[in-house]
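The values are calculated or read from the model by the stated rules, or taken from the named source; none is laboratory data. The structure presented is a predicted model; accordingly, all values stated were derived computationally and were not measured. Don't worry about glycine lacking a Cβ; one is built from the backbone with ideal geometry, like all the others, and counts go over all protein chains shown.
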Amino acid sequence: MKAWTIERPAPVNDRPLRSREITLPSPGEDELLLKVSACGICRTDLHVVEGDLPVHRSPLIPGHQIVGRVTAIGAGADGFAIGDRVGVAWLNRTCGVCEFCVNDRENLCEQATFTGWTVDGGFAESAIAPAAFSYRLPDNFDDIQAAPLLCAGIIGYRCLRLTGLSVSDWKGARLGIYGFGAAGHVCIQLARARGADVYVCTREREHHQALARELGATWVGDATDQPPVKLHAAIIFAPAGDLVPAALAAIRKGGTVVLGGIHMSPIPSFDYSLIYGERMVRSVANNTRADGGEFLAEAASVPVRTHTQVFSFDQANDALIALKSDAIRGAGVLLMD
Ligand SMILES: [Zn+2]
Ligand SMILES: [Zn+2]
């Protein structure tokens, strides 16, 4: 099969992904083999390819928002039939027995594997995934629309949960979103459907600020602009640590700033008064399968509409360059031939 691989991390402008012909993998006991039709492009792919995250495998096939159809099934893999449409996300597999796994926090599992980072992902014609960690996708999303839901969407959903706002709190809540790429543009749709007013801070005008307005943001400003009112909570999707003090300054007492990225530049020191008043800062790490299932159901009922920019399979390097330079409106998706 054809696959894009990274051998040694390098800046994406050096076009470090290499196209190769490799042996078609066969599914293990509890796994599915998928013919990939689309794979979303995520900022985490940039962090993997450029070496912001440690290397676990070389060569590696990146990509962790896979939409495909089942072409082979391991002897012990339950729940899917040949031809079924399946989604594969970042959380690839967990141990099932550690303290985190048995307490509904499998996202923190010490032995977890991750699609497109510690195991091969979906920038390829075919991919392998454990059946128990694969999702059925709602019919109202086609393959291209569904791909960005599988990381950008699920992570945004978990960020909304970790703001600490309960179902009844959302109506009239004021939510800040910092950085408005793939995750932000899905997250705003959920938040608005729940009844929140959304304030978007993002540095990029042509694509990101315009899309935020189009999707109903109450107010849109530059990255570190202060929104005109105090916010109940804020989510930072941009990997920029200097946004943390800015977001803390924007929330009211008792509010939470949720950090949605897997990697962030150092957070500058800040005055205690910014976090005093029982303000909280917390990160989001990965997702549980429950997050994925709940999010997909909510996304289908809103319904969320993903804005995508499609790249052909041979444009994988170009897609990462576009992502890095803020040139993608909504979410980038690699489309297989
Ligand atoms: Zn575990
Ligand atoms: Zn991702």
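If you go through the stretch 48-71 and pick out every residue that is over 20 Å from the mean Cα position of the chain (by Cα) and either among the acidic types (Asp, Glu) or closer than 18 Å to Lys2 by Cβ (or both), you end up with 3. The condition of being under 22 Å from Arg282 (Cα atoms) and within 16 Å of ligand 2 (Cβ to nearest atom) holds for only one of Val198, Val186, that being Val186. From the set of residues in the stretch 35-63 that are farther than 10 Å from Trp117 by Cα and hydrophobic (A, V, I, L, M, F, W, C), which is nearest to ligand 2 (Cβ to nearest atom)? Going through the qualifying residues, I end up with Cys42. For the stretch 64-100, residues that are over 15 Å from Ala146 (Cα atoms), more than 16 Å from ligand 2 (Cβ to nearest atom) and not in a loop (DSSP other than H, G, I, E, B) total 5.
Residues that are under 30 Å from Arg8 (Cα atoms) and in a loop (DSSP other than H, G, I, E, B) were ranked within the stretch 101-110; the one that is nearest to ligand 2 (Cβ to nearest atom) is Cys109. When the residues of the stretch 137-171 are filtered to those that are outside any helix (DSSP H, G or I) and in contact with a strand residue (DSSP E or B) (Cβ under 7 Å, 6 or more places away or on another chain), the one that is nearest to Arg69 (Cα to Cα) is Leu137.
For (1) surrounded by 17 or more Cβ atoms within 10 Å (Cβ to Cβ); (2) at pLDDT 95 or above; (3) under 17 Å from the mean Cα position of the chain (by Cα); (4) closer than 25 Å to Asp318 by Cα, each residue gets a yes or a no:
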residue: Thr5; (1), (2), (3), (4): yes, yes, no, yes
residue: Gly40; (1), (2), (3), (4): yes, yes, yes, yes
residue: Asp78; (1), (2), (3), (4): no, no, no, no
residue: Val97; (1), (2), (3), (4): no, yes, no, no
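Annotation: Cys151 fulfils all but one of (1) within 23 Å of Pro9 (Cα to Cα); (2) away from ligand 2 (no atom under 14 Å from the Cβ); (3) in contact with a helix residue (DSSP H, G or I) (Cβ under 9 Å, 6 or more places away or on another chain); the unmet one is (2). The selection criterion, being among the hydrophobic types (A, V, I, L, M, F, W, C), crowded, with 22+ Cβ neighbours inside 10 Å and assigned to a strand (DSSP E or B), does not hold for Val186.
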